[in-house]
Amino acid sequence: MGTCLRSLVSLSKKLSKITAVPLPDSISFVLFPRSSISRSKRASVLESNLCFSISSNHIVVRTIVIYARAPLPPAHSPCEVPLSHWSLRASLEVEPSTPRHPSTDSMAPGEANTATAGGPCRRRRRVLLFPLPYQGHINPMFQLAGLLHARGFAVTVFHASFNAPDPSHHPAYDFVPVPEGLPAAGPGTVVETLEHILALNGSLEAPFRERLAALLEAPGAGDEVACLVADAHLLTLVDVAREQGVPTLVLRTGSAACFRNFVANPMLCDRGYLPVSGESELDAPVRELPPYRVRDLMGADSSGRHGHDLMCKLLSRAVEAVRASAGFLLNTFDALEAADLAATRRDLAGVPVFDVGPLHKLSPASSSSLLQQDRSCLDWLDAQAPASVLYISFGSLASMSGADLAEAAWGVADSGQPFLWALRPGLARGAALPDGFAAATEGRGLVVGWAPQEEVLAHGAVGGFWTHGGWNSALEGACGGVPMLCRPCFGDQMGNARHVEHVWRAGIALDGGGVLERGAVEAAVRRLMRGEEGDGMRGRARELRSRAAAAVADGGSSRLSVDKLVNHILSL
């Protein structure tokens, strides 16, 4: 026994809550391989659900992670491994098999919970998920899927054909494609993006209704399904699920502050902040929603009356979806947005709010990237001095002109700073880095098509992050303890940049409205990466990292919020 795992290295967490029961001589379990690699160990990461019997009393042991260098057994193959082969450093949270469905507030902090209906010999409860098919929305939804799966839920992902995920990256999940019949080409402007999101809602409605009904009509499936978690911008699908009796939770992939902007939008329009009538108004403070200026509001960048009307419709539908839901999930944490979370709970009286972020720190490692990541950049970073490298990435959807790309490139070159640039294909609408840039930066820069951003930002060589200011990137920068240079493009990015600079005081915002100028870029890079001012921003960024680590630690605010979420789902 155990020969296939004789090179087992370790379990991922500390052993706890199992000392009160005698351990058997061996543990029987089933392996579910995951498609991610631990760079430090070059080891396959696997997920395992365990169940064993002691004195006729079943104990349910939640998911653990195993690192193994040896050849691994096939997926879903049963194995039995003597305890002598285990390095017992796992956090095994256990409970008797008697089903419990406490209310959200009835569980004591740290109390274990599982998603097993009727004990370990019964099927697990199933969570259905439907992400909005953009990378910045797909990533948090799949991180949530990993978190819930680790808590014992079975996972089914409904998805559009546009930007469809690769099921082979997530072999433990079930996938249900929902064809939307829209053109394969993605939107290129802000207005086109708004139109695309609204069109997706309409085109997905009928096929989703059909596929959801088929799933619910399968033998026993109706009792197994716990809920649907849908993106906040998929109101139509929220309504379809409710019509079919499926409780629905809503995930908003932006900040709590941004959602307050959603809720306040009608008031902002009534009081004349929106639509923006002239450039002179952009820097006016929004006294009802500090620290925002008019330019930081959702919709301030909308093109004309048509763009404004589309934005208002999109925001109102998102708020409607949240108000109609059985729970609202936000990828944030209390120590980062305490005041905005408190205000959101007041705005949504009657709807439970769960701050379950940062999801990328709570979820088991996996990849939902739509682009191929170039992992060689991690080896390049290994050879750089501590906190010396400026990491540059403008996200998966933002775009810039060829002129802006050239000015950004020459500003970075003139700064003399080492850099790693994740230059996404299509970022500058067909333009390339200017001639002479490679020669001017030879030996101190690396350009790749896409990078494993979470790992890059956690690397000790990275001392600054030039970002478009999307919420995922801002959150990952904060969790990495890296100060940020923000060049926002559209949507929530202006508000995020405002918070980075004026609330967190951990970065610099470049004006997103004008044309980039290489001298301004050079000066901003130097401010961020060098001198007393940069050191101050770096220190405050590291404080954000410490707050995030405390939130996801045992007993931290986000850990407790996840416990409440699991119990809430089981009570629906």
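So here's what we get for this one:
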item: Most to least packed among 437-445, 525-533 [average Cβ atoms within 10 Å]; result: 525-533, 437-445
item: Heavy-atom accessible area ranking, 1.4 Å probe, most first, across LEU427, LEU446; result: LEU446, LEU427
item: Mean separation of Cα contacts under 8 Å, 6 or more apart, over the residue count of region 375-545: relative contact order %; result: 26
item: Length added when fully stretched, ARG346-ASP270, from 0.36 nm per residue minus Cα-Cα; result: 25.2 nm
item: Probe 1.4 Å - accessible area at ASP563, Å² to nearest ten; result: 10
item: Cα-based shape type of region 126-366, given that a ≥ b ≥ c are square roots of the gyration tensor eigenvalues and the cut on a/c is 1.5; result: prolate
item: Accessible area (Å², 1.4 Å probe, nearest 10) - ARG540; result: 80
item: Pairwise FRET efficiency - ARG305 versus ALA550, Cβ, R0 = 60 Å, nearest 0.05; result: 0.80
item: Cα gyration tensor, region 377-525 - rounded (a/c under 1.5), prolate or oblate; result: rounded
item: Modelled FRET efficiency - R0 41 Å, ALA523 with GLU217, Cβ distances, 0.05 increments; result: 0.05
item: Distance in nm between pseudo-label sites at GLU210 and LEU182 (7 Å out along the Cβ direction from Cα); result: 1.9
item: Accessible area expressed per residue, region 126-366, with surrounding protein chains retained (probe 1.4 Å, Å²); result: 35
item: Relative packing of 246-256, 178-188, 310-320, which averages over residues the other C-beta atoms within 10 Å, highest first; result: 246-256, 310-320, 178-188
item: Distance between modelled label sites at ALA438 and GLU281, nm, 7 Å Cα→Cβ extension; result: 4.8
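The values are calculated or read from the model by the stated rules, or taken from the named source; none is laboratory data. All values reported here derive from a predicted model rather than from experimental measurement. Here the Cβ is made from the backbone with ideal geometry for all residues, glycine too, and neighbour counts use every protein chain on show. For accessibility, only protein heavy atoms count, side chains too; no ligands or nucleic acids. Shrake-Rupley method; radii C 1.70, N 1.55, O 1.52, S 1.80 Å.
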